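Below is one structure, written out as structure tokens, with a few remarks after it.
The values are calculated or read from the model by the stated rules, or taken from the named source; none is laboratory data. What you see is a predicted model, and the numbers here were worked out from it, not measured in a lab. Glycine gets a Cβ as well: all are built from the backbone with ideal geometry, and neighbour counts include every protein chain shown. The protein model used for the area step is the full one, side chains on, heavy atoms only, and it has no ligands, DNA or RNA in it. Shrake-Rupley method; radii C 1.70, N 1.55, O 1.52, S 1.80 Å.
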Amino acid sequence: MILRALVEYYETLARQGKVLQPGWGEAKISYALCIDEAGRLERLVSLKRKRSDGKSAAMEPTPVELPAPVKRTLGIAPNFLWDNAGYLLGMENKGGPGRSRACFAASRELHKAVLSHTGSPAAQALLSFFEGWDPETAFDHPALQGSLESLLAGANLAFLYQGAFLQEDPEIRRAWQDYYHAAESGGEAICLVTGDRGSAQPVHPPIKGVAGALPAGAALVSFNAPAFCSYGREQSLNAPISRYAAFAYAAALNRLTADEEHLFRIGDMTVVFWAENGQTAYSDLFRSLLLEKPEPYLAIRLQKIAEDLREGRPAVYEEARLDPAMGFHVLGLSPNAARLSVRLFLRDAFGRFVRNLERHQERLRIARPFPGEGERMPLGELLEETVRKNARTPSPIPEMAGETLRAILDDSRYPATLLHSVEIRIRAEREVTPGRAAILKAYYLKNPDPGFPKEVLKVGLNAESSNIPYTLGRLFSELETIQSAAEPGARAGMKRKYWGPASTTPNLVFPILMSRAQQQLEELDEGTRSRYDGRLAELAEKLGESYPARMNLPQQGAFQLGYYHQVQARSRERGGGRSTNES
């Protein structure tokens, strides 16, 4: 299903002229060998250019459309029309002079096999070059002087004839296409992707751009040991896929992993996403809804677009008309030595992805310290709440990050590891941040638990709730405020000493805290003392005569949310905002 989706995506892009045809690829070329009608090397032209990102003055090779590269291991395998100096000039490289001569001979035979029946002047000039070039005198050729060090370091070369690349010659292109499609590969088989009978591909093209994988690329489909093979089949012939399908899915996936604007990485997983019609506006909106925190003036417009799509209505985004029924794919890959592991693959209508993202954001809505603060919580910000502050290498648990992403996108239950990670951070740092409170609220809304009262899963304080753990959290916030008023600077001390036992074994702590609060109230003026007395009396009435001996994990979550809600309600009271029963 994954490969079929990628092949269809490739075919969509091919119809739009955005990808190369089978048998072609992009190579980074440093120099061009200029040859004349007789095949003689006239000069060497540098194709290096300044880096496009402007971060460095260093020169880099130029990407050029050329016949697709071969996949090399330890054997000799030449590329057509381009390669390094060992293959095109027979110059000594890391394998020594003997291997370089063999590489040049293999390249010469390949070009003869492809172009022997091609009559264009460019093809005949190239064949004459291979017949007349002598690797023994390569180092002395005047055209190569001044560039020998770069050539021996492995720089790629291509050919120019009368000012044009040889691959631009129509007859040479046709000859290569005929050779590529006629080449024997893994024998005849029915392709598992397309259903067509054709030549199977024994070794699939590498996939590049996956974080943590080999720089040269890793295989998505591969069999590298006898234990994985059956019925005498070797390599990827155990899952026969045609040369066309292998090229197409690899071309599509490499295009996605090379597009930094439309991929992201969480944990050890690289995630790519695409719409079936190839329009990038779908990916742009998906990325914004999942990963970005828009400015307030943009958030309103974004919310209207999302509302239309989730309700099944078309919407316009970046001057493109988005269809809520458009098929949309999300693929997550992780490195596994020289291969790739599929960690996530989801396919659904784009409107349903938007609906699930918006439902997730609605669950995360929580009262915040600053009313003007954006309400959306990007995925990265959510995962940061599970990581220790000031960590040397801040990174969420990879498995938890991947499971959380899946839960968001398919609107399923959040993983327990998300809750546990947040609880660990709250206990360790004794701080319920807006993000952590939002995660607690969202988690228990999606994963209901009998021990967590549903009536307190609100944006702001539910002053009517009589739930004991929730009320204890509110009470702890009030006691902390009383201590801060009576003993300025002591607030952090109370939380540091009593936060843990107050949320787990309240009967051991709250009698002490309440007794101390009465003493602290005596130090305050009459008006302030009266105000705090009233709040303590209100909360004490909800709690009754005794405190729980122990609270489990959901009850601790209710305590933490009650504490957070009370802090925000008090802050809003000072600012004149609404503070209770927010939904």
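Given R0 = 60 Å, the distance between the Cβ atoms of ALA337 and SER484 translates into a calculated FRET efficiency of 0.60. Shape class for the range 10-77, computed from the alpha carbon gyration tensor (a ≥ b ≥ c): oblate, with a/c not under 1.5 and a/b at or below b/c. Among beta bridges from DSSP that stay inside the chain, the antiparallel ones total about 85%. Subtracting the Cα-Cα distance of GLU429 and ALA391 from 0.36 nm times their residue separation leaves 12.4 nm of extension gain. About the centre of its Cα atoms, the range 274-318 shows a dipole size close to 100 debye [charges on the beta carbon of Lys, Arg (+1) and Asp, Glu (-1) only; nearest 20 debye].
Extending 7 Å from Cα along the Cβ direction at THR528 and again at ARG43 yields two label points whose distance is 8.6 nm. Taking every alpha-carbon pair under 8 Å whose residues sit at least 6 apart, the chain reaches a relative contact order of 10 percent. Once C-alpha pairs closer than 8 Å and six or more residues apart are averaged by separation and normalised to the residue number of the range 500-574, the relative contact order reads 48 percent.
Annotation: amide H of ILE266 within the under-5 Å range of VAL271, sequence separation 5 or more or interchain, hydrogens built in the peptide plane.
Taking a ≥ b ≥ c as the square roots of the Cα gyration tensor eigenvalues, with a/c under 1.5 meaning rounded and otherwise prolate when a/b beats b/c, else oblate, which class fits the range 276-407? Judged from the Cα gyration tensor, the range 276-407 comes out oblate (a/c at least 1.5, b/c at or above a/b).
Accessible area ranking (1.4 Å probe, heavy atoms, ligands and nucleic acids excluded), largest first, for ASP268, ASP140, ASP83: ASP140, ASP268, ASP83. Here the simple spin-label model places points 7 Å from the Cα toward Cβ, and for LEU214 and GLU545 these points are separated by 7.5 nm.
The residues packed around MET59, meaning those with a beta-carbon under 9 Å from its beta-carbon, carry a net charge of +3 if Lys and Arg are +1 and Asp and Glu are -1. For ASP196, the accessible surface of its heavy atoms amounts to roughly 90 Å² (probe 1.4 Å, protein chains only, rounded to the nearest 10).
If you take the Cα centroid of the range 435-489 and the Cα centroid of the range 1-49, the two points sit 61 Å apart. In this view, the solvent-accessible surface of SER116, computed with a 1.4 Å probe and all protein chains in place, comes to about 70 Å².
To the nearest 10 degrees, how steep is helix 434-446 against the longest Cα principal axis of the chain, on a 0 to 90 scale? Orientation of helix 434-446: about 90 degrees from the principal axis. Summing Lys and Arg as +1 and Asp and Glu as -1 over all other residues whose Cβ lies under 9 Å from the Cβ of THR433 gives a net charge of -1.
For the range 7-12, backbone phi angles converted through the Karplus equation (6.51, -1.76, 1.60; θ = phi - 60°) give residue-by-residue couplings of 4, 5, 5, 4, 5, 5 Hz, Gly and Pro being listed as x. Here the calculated FRET efficiency for ALA349 and LYS497, from their Cβ-Cβ distance with R0 = 51 Å, stands at 0.45, rounded to the nearest 0.05.
Taking 0.36 nm per residue of sequence separation and removing the Cα-Cα distance, the LYS71/LEU192 pair yields an extension gain of 41.4 nm.
Were the residues from GLU261 through ASN552 laid out at 0.36 nm apart, the gain over their Cα-Cα distance would be 100.4 nm. Spacing of the modelled spin labels on ALA102 and ASP134, each 7 Å from Cα toward Cβ, amounts to 2.5 nm. Is the range 335-420 best put as rounded, prolate or oblate by its Cα gyration tensor, with a ≥ b ≥ c the root eigenvalues, rounded for a/c under 1.5, and otherwise prolate when a/b is larger than b/c, oblate when not? It comes out oblate by the Cα gyration axes.
Helix 526-543 and the longest principal axis of the Cα set of the chain meet at an angle near 80°. Normalised by the number of residues in the range 141-219, the average gap of Cα pairs under 8 Å and 6 or more apart makes the relative contact order 13 percent. Annotation: amide H of SER341 within the under-5 Å range of SER334, ASN336, sequence separation 5 or more or interchain, hydrogens built in the peptide plane. SER395 contributes about 70 Å² of solvent-accessible surface, heavy atoms of the protein only, 1.4 Å probe. Listed values for the range 127-139 are Karplus-derived 3J(HN,Hα) couplings in whole Hz (6.51 cos²θ - 1.76 cosθ + 1.60, θ = phi - 60°), namely 5, 5, 4, 5, 6, x, 6, 10, x, 5, 9, 4, 5, and x replaces Gly and Pro.
Checking the cross-link pairs LYS497/LYS542; LYS293/LYS542; LYS293/LYS495 against a 29 Å limit on the alpha carbon distance flags LYS293/LYS542; LYS293/LYS495 as lying beyond it. When peptides 534-541, 99-106 are ranked by their average number of other Cβ atoms within 10 Å per residue, the highest-first order is 99-106, 534-541.
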